[in-house]
Amino acid sequence: MAELTFKTNIRRDKWPRWMKKLHEYMTRVTQNRELEPTRDEYLRLKMIMESCLGELKNEEDARRASVRVLLGEDDDRLSLIIMRSNLVITSYYIEQ
């Protein structure tokens, strides 16, 4: 079964609040779900992340943060790239 994994250079105890909440939400959303590493699945997950970030901005956890979710290719596979101020914060990808 494939699962959503991530890669980041930031230590977990240094994550901002919005990043912790986004990661917890994505873990819950994909917990009991069969994921396929297709473009459509990544686009669905991108839409989920963008809506979660929109909610976090409304709750003031990420109001000042300029956070974007991009679909890109990382290490010869598709990935969802979370960027803030033109810096890559985290990459999520489906690992089989």
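Considered as a group, the residues in region 45-96 that are over 19 Å from PRO16 (Cα atoms) and among the small types (Gly, Ala, Ser) include one that is surrounded by the most Cβ atoms within 10 Å (Cβ to Cβ), and that residue is SER79.
Within region 1-44, if we keep just the residues that are touching a residue at least 60 places away in the same chain (Cβ under 8 Å) and β-branched (Val, Ile, Thr), the residue that is least open to solvent (accessible area, probe 1.4 Å) turns out to be THR5.
The set of residues from region 5-30 being charged (D, E, K, R) and at pLDDT below 90 comprises just one member, ARG17. Just one of (1) touching a helix residue (DSSP H, G or I) at 6+ places or on another chain (Cβ under 8 Å); (2) closer than 21 Å to THR27 by Cα fails for ALA65. It is (2). Out of all the residues in region 57-72, is one or more assigned to a helix (DSSP H, G or I) and of a type outside the set (Ser, Thr, Tyr)? Scanning region 57-72, I find at least one residue that is assigned to a helix (DSSP H, G or I) and of a type outside the set (Ser, Thr, Tyr), so the answer is yes.
The values are calculated or read from the model by the stated rules, or taken from the named source; none is laboratory data. Every value quoted in this text rests on a predicted model; they were computed, and no experiment measured them. A quick note on method: Cβ atoms are made from the backbone with ideal geometry, for glycine too, and the neighbour counts reach across all protein chains shown. What goes into the accessible areas is simple: the full protein's heavy atoms, side chains included, and nothing from ligands, DNA or RNA. Shrake-Rupley method; radii C 1.70, N 1.55, O 1.52, S 1.80 Å.
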